[in-house]
Amino acid sequence: MDVSKVVEKDDVAEGKNKGSHSGYDAIVIGSGIGGLVAATQLAVKGAKVLVLEKYVIPGGSSGFYERDGYTFDVGSSVMFGFSDKGNLNLITQALAAVGCKMEVIPDPTTVHFHLPNNLSVKVHREYDDFISELTSKFPHEKEGILKFYGECWKIFNALNSLELKSLEEPIYLFGQFFKKPVECLTLAYYLPQNAGTIARNYIKDPEVLSFIDAECFIVSTVNALQTPMINASMVLCDRHFGGINYPVGGVGGIAKSLTEGLVDQGSEILYKANVTSIIIDNGKAVGVRLSDGREFFAKTVISNATRWDTFGKLLKKQDLPKEEEAFQKIYVKAPSFLSIHMGVKSEVLPPDTDCHHFVLEDDWKNLEEPYGSIFLSIPTMLDSSLAPKGRHILHIFTTSSIEDWQGLSTKDYEIKKELVADKIISRLENKLFPGLKASIEFKEVGTPKTHRRYLARDSGTYGPMPRGVPKGLLGMPFNTTDLKRDHLC
Ligand SMILES: Cc1cc2nc3c(=O)[nH]c(=O)nc-3n(C[C@H](O)[C@H](O)[C@H](O)COP(=O)(O)OP(=O)(O)OC[C@H]3O[C@@H](n4cnc5c(N)ncnc54)[C@H](O)[C@@H]3O)c2cc1C
């Protein structure tokens, strides 16, 4: 089903549905990938689900937008979980649950790192090719490199042998323990450990350790010492096992397909439905209230909004679960991003350019600094249908905090946006693509304020990050809350 048709249908539904509505098994606040997977999993089991989305299309950070013949990914472009093997292909499984399958294009290189001292490393799809390239740059650390990534594989293989639905659901994990005790014990051993500590057991060269920091930073926005080993292993191995696969037509197709599947199952999605509070009755989440006054009631309420939006805005202070206070002691909001979406003339990119790049030119110390490192995706290298003929898409982003963009007049805000974006583009021009600026045909810049507005994420945050060095995944909360009938996804 075309998304515009879904929107039209729901505009009609909005007109009819004034007032109060009940009879749902579950309400899901938000149609990001998390919300849609939760909704479709329930719908296929026969639940009547209502998804309420503030924006006009589904997908959130994994959504899309169209301008001047370009289809841009809002956020995600490096897609994990999209293979046809193993147990960790969670996107493939989520789509299959509602009878959908998307055509994907295998990405030969997960990411091409461009690092200080002109260190260039391609993470090839084939593990052996990646290891050969990395160890050729650091032959003196060959053994340590093999041992570190070898430990990652031990964890990955344990995870991949489980029927992985959730690492955050205690009863589910308990059940898995009896089916696969050895694998569960392996995971339990690594549960409190971080990737940086394990890397230091084997590797001494600070440059290799910094490389592993960059490996972790691109998925977690923190260095390896702060990244749980289980999380690191999942991504550092799945990129070789299942590979990175780009969906034909753009990442937004995943949310579109899940939405279609949801509606086919007899459940509903409403757009322009801004939930402003979760209704609590006797300590139970029983429904939600929208900004236009409508109320919806259900047996279960699931929030796909961030923790800060759920617990800071949708629930009143007195309704905050105790575990949330504990969570906020360990985790803080990660910064947001400055994003630049560009359409450029194809000639500016060499034909063998990789799809995904990570650039940190001069100093490892800048890795985690705002605007320090640059992420770049060129999805048209894999799927040319996303741009007009003879054009490529560049999606560039770098970490940035909302505080940097507050208190400016509209004029100063616009000037600053152009200035900061121009510096980032100049860096890419100098490092990767001479003539880049002159080749720009389309450009749109988004700040943390843009992320906050269109993704409804507090301060535009990427998500939680540990305040200090976490005890691996041990401090991570489960996905239920102390409130009865309330869940997070
Ligand atoms: C720039 C960028 C690049 C990224 N790149 C990658 C990548 O390459 N690979 C990767 O795996 N991940 C990447 N990510 C991360 C990935 O996109 C996110 O982790 C994932 O999409 C988050 O999904 P979600 O469902 O948890 O939340 P979201 O995508 O934030 O969805 C939440 C939804 O809830 C809605 N909502 C919130 N509050 C309300 C409310 N009160 N009422 C109604 N609706 C509400 C929002 O509008 C939104 O649609 C990237 C993220 C960004 C921002």
Which of K137/K204; K101/K180; K313/K333; K365/K471 have a Cα-Cα distance over 18 Å? K101/K180; K365/K471
Work out how far the C-alpha atoms of segment 190-346 reach from end to end along every principal axis, then list the three figures in whole Å, largest first. 59, 47, 30
Burial-style ranking of 293-305, 197-209, average other-beta-carbon count within 10 Å with highest first, yields 293-305, 197-209
How big is the charge dipole of segment 213-325 about its Cα centre, in debye rounded to the nearest 20, if each Lys and Arg gets +1 on its Cβ and each Asp and Glu gets -1 on its Cβ? 300 debye
With the charge dipole of segment 335-462 built from beta-carbon charges (+1 for Lys and Arg, -1 for Asp and Glu) about the Cα centre, the Cα from F358, I424, H451 projecting farthest to the positive end belongs to H451
With +1 on the Cβ of every Lys and Arg and -1 on the Cβ of every Asp and Glu, the dipole magnitude of segment 127-246 about its Cα centre, in debye rounded to the nearest 20, is 280 debye
Normalized C-alpha radius of gyration of the chain, against 2.2 N^0.38 Å? 0.97
At 15 Å minimum axial length over the Cα atoms and a Kyte-Doolittle cut of 0.5, report the qualifying DSSP H helices in the chain, or say none. 33-44, 206-220, 229-241
I'd like to know which of T71, W153, V263 lies farthest towards the positive end of the charge dipole of the chain, counting +1 on Cβ of Lys and Arg and -1 on Cβ of Asp and Glu. V263
List the residues, sorted by chain then number, that are 5 or more residues from Y246 or on another chain and whose placed amide H is less than 5 Å from its amide H. I105, D107
Which whole-Hz couplings ³J(HN,Hα) result when phi for each residue of segment 332-343 is put into the Karplus expression 6.51 cos²θ - 1.76 cosθ + 1.60, θ = phi - 60°, listed in order with x for Gly and Pro? 10, 6, 5, x, 9, 10, 9, 10, 10, 9, 10, x
Hull-based mean projected area of segment 258-328, where the convex hull spans the alpha carbons, in square nanometres: 5.8 nm²
Just rank E403, E141, fewest to most, by other beta-carbon atoms within 10 angstrom. E403, E141
Report, by chain and number, residues whose modeled amide H sits under 5 Å from the one on G287, excluding near sequence neighbours (fewer than 5 apart, same chain). I279, A298
Taking the convex hull of the alpha-carbon atoms of segment 335-462 and averaging its shadow over every direction gives an area in square nanometres of 8.3 nm²
Along Cα→Cβ, 7 Å out, is where each label goes; now give me the distance between the ones at S277 and V56 in nm to one decimal. 3.0 nm
With 5 Å bins from 0: P(r) over segment 164-277, alpha-carbon pairs, percent: 2, 9, 12, 14, 14, 13, 14, 12, 6, 2, 1, 0
Work out the length of the dipole vector of the chain about its Cα centre, built from +1 on the beta-carbon of each Lys and Arg and -1 on the beta-carbon of each Asp and Glu, and round it to the nearest 20 debye. 1160 debye
In percent, how large is the relative contact order of the chain, given Cα pairs closer than 8 Å and 6 or more residues apart? 23 percent
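No value in this document is a laboratory result; all are computed from the given coordinates. Please read all numbers here as calculations on a predicted model, not as lab measurements. Neighbour counts are summed over all protein chains in view; Cβ atoms, including those assigned to glycine, are modelled from backbone coordinates with ideal geometry.
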